[in-house]
1. Kindly indicate the residue of the stretch 83-103 that is in contact (Cβ under 8 Å) with a residue 60 or more places away in the chain and small (Gly, Ala, Ser) and also farthest from the ligand (Cβ to nearest atom) among those meeting that condition.
2. Which of the numbered conditions does His178 fail, given that it passes all the others? Conditions: (1) under 28 Å from Lys463 (Cα atoms); (2) under 17 Å from the mean Cα position of the chain (by Cα); (3) within 16 Å of the ligand (Cβ to nearest atom).
3. When residues of the stretch 271-312 are filtered for being among the β-branched types (Val, Ile, Thr) and in a helix (DSSP H, G or I), how many remain?
4. Are there any helices (runs of 4 or more DSSP H) wholly within the stretch 195-270 with 2 or more residues that are within 15 Å of the chain's Cα centre (by Cα) and within 16 Å of the ligand (Cβ to nearest atom), and if so which?
5. Quick check on my filter: what residues within the stretch 17-44 are in a helix (DSSP H, G or I) and crowded, with 21+ Cβ neighbours inside 10 Å?
6. If Leu443 satisfies all but one of (1) of a type in the set (A, V, I, L, M); (2) surrounded by fewer than 21 Cβ atoms within 10 Å (Cβ to Cβ); (3) touching a Cys at 6+ places or on another chain (Cβ under 7 Å), what's the number of the condition it fails?
7. With respect to Val298, determine if the residue is in contact (Cβ under 8 Å) with a residue 24 or more places away in the chain and of a type in the set (A, V, I, L, M).
8. Quick test of your reading of the structure: Leu132 fulfils all but one of (1) more than 10 Å from the ligand (Cβ to nearest atom); (2) part of a helix (DSSP H, G or I); (3) over 17 Å from His7 (Cα atoms). Name the failing condition by number.
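Computed from the coordinates by the stated procedures, all read-outs in this text should not be read as laboratory data. As the structure is a computational prediction, the values presented were derived from the model and not from experiment. Heads up, the Cβs are rebuilt from the backbone with ideal geometry, glycines too, and the neighbour counts pull from every protein chain shown.
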Amino acid sequence: MTPIFNHVAVIGAGAMGRGIAQIAAQAGSQVWLYDTQAEAMQKARDAVFQVWDTLATKGRLDADTVTAYKTRLHTAAILEDLKSCNLVVEAIVERLDIKKSLFVELENLLPAPVVLVTNTSSISVTAIAAGLKRPEQFAGYHFFNPVPLMKVVEVIAGLKTNSEVCERLTAYAKQMGHTAVQANDTPGFIVNHAGRGYGTEALRAVSEGVADFATIDRILKDQVGFKLGPFELFDLTALDVSHPVMESIYNQYYQEPRYRPSVITAQRLAGGVVGKKVGQGFYNYVDGKAVVPADQLVPDVKEFPPVWVSPRASRRIELLQLLKDLGANIETGASPSPQALTLVAPLGFDVTTVAVVERLDPARTIGIDMLFDDAATKRRVLATNPATRSDMRDAAHALFAKDGKAVSVIRDSGGFITQRVVANIVNIASDMCQQRVCTPNDLDVAVTLGLGYPLGPLALGDKLGPTNVLEVLFNLQTVYGDPRYRPSPWLRRRGAIGLSLLHTED
Ligand code: NAI
């Protein structure tokens, strides 16, 4: 295989630079690592050599391949050593002024057809290219950490980037074993933009006292299939990285309410409680392991009240079947008897509002989240309202735990936890399609590979039914009166036909 770029320079030999250098050498390119800190450069080269040696020890690479890889990875003492390169990937400190002056210097030093790219995660590609003589030869090439394992890269076109440059970068990504997605130069590009719905909405639920961090993590992992809960993810990424990203995207979009950061992370950052790396984040860490508070205990209930289900409950037929399977005594009257545990299953609305609107006794009314098919989840989520009696809460908890499935009981809010988080993720993704940040297909590909979501946001919206997602958003907007929940026009239009369809004019 002849590499599309046969001589590649990687400037900045930190966490990202070394990973990029590794996969470029593996793709057959001659690679030069350059860093202002000679020590960092040497350390990076040693680390990459170590990775290859380990792979050889495990039998995943043969000795000849390792030797070939090693002979292709060089270090450069001065920028002039990079003159033969036809691609330069910059992965230095995240500062616009420093990146700009580096590229001006490179442009003056290297012969004209060279392609210059930045691995920036938060600075505008167009802004870095401003002042260059050949901005058409400049693009964003945004990898994820750790580069060899995170097999996606965003190819970002600035205002003046030549499309042929993006095509070559896409083809080269493939040679490096990565999937390239195309993004327009917009704040957060694809992955960091699409990721806004998850943590910010979970933080908002915490700030309302709906549930604690660990419960929210459990709910989102067990109901949706996320590998990490939002607070586990914050701890892993560390708030000194993720809080500034939240602020940056919010401000770059001129305070768009959908991306509003939280005072919770601002305070924790100020207090140094930033995550796993300091031993203290949303969880405490002992020997590098999170101390996870125990799950809620199932109450010991001997006698269960009869159960009445609101005719307006979502997935009512599935809910009635579930209750039957759990051995509940189901009431069939038009209204609940005075003893009945009264179940509602709203989309977006809070349990309190539903109890009032449906003229139910709030003391006996409990909500259950039925957005997802119960069979597809590992946890059921119930919500009380401020008037719910503790015997009714305990009876509902014990009843829904009868078959051994985990149950969380949370306080009342619009959209439980899962509904509000999922609806936000789908809505932000839809709005990105509306803004033409990327194609719907690239959006789902980038998010599954870059964030590890079980499904792309648009496929998730389709699975749940776009009209259900829209209902959650409309009702959240009514409950909170907050523009962050306004549905994207793209979601409203595509709601009827599906979100992840590729071949449409929209
Ligand atoms: P890092 O701090 O690990 O490494 C940066 C390296 O650049 C250091 O070795 C430093 O000595 C060197 N450096 C600084 N200024 C330089 C200059 N003027 N010329 C040459 N070398 C210079 O940083 P990291 O994490 O590798 O990030 C690099 C870039 O990649 C940043 O733009 C960052 O935003 C971006 N990025 C980082 C990700 C991450 O998870 N760490 C993910 C995606 C992008």
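1. Step one: list which residues in the stretch 83-103 are in contact (Cβ under 8 Å) with a residue 60 or more places away in the chain, which gives 84-93, 102.
Next, from what is left, pick out any that are small (Gly, Ala, Ser): 84, 91.
On the way: Ser84: 19, Ala91: 4 Å.
Among them, the one singled out is Ser84.
2. Unmet condition: (2).
3. Taking the stretch 271-312 first, the residues among the β-branched types (Val, Ile, Thr) are 273-274, 278, 286, 291-292, 298, 301, 307, 309.
Within this subset, residues satisfying the condition of being in a helix (DSSP H, G or I) are 278.
Qualifying residue count, the stretch 271-312: 1.
4. Values: elements: 196-207, 213-224, 230-237, 239-252, 263-270.
The qualifying helices (runs of 4 or more DSSP H) are 230-237, 239-252.
5. Kept after step one, since they are in a helix (DSSP H, G or I), are these residues of the stretch 17-44: 17-26, 38-44.
Gly17, Arg18, Gly19, Ile20, Ala21, Gln22, Ile23, Ala24, Ala25, Gln26, Met41, Ala44, listed by residue number.
6. For Leu443, the exception is condition (2).
7. Values: in contact (Cβ under 8 Å) with a residue 24 or more places away in the chain: yes; of a type in the set (A, V, I, L, M): yes.
Yes, satisfied.
8. Condition (2) is where Leu132 drops out.
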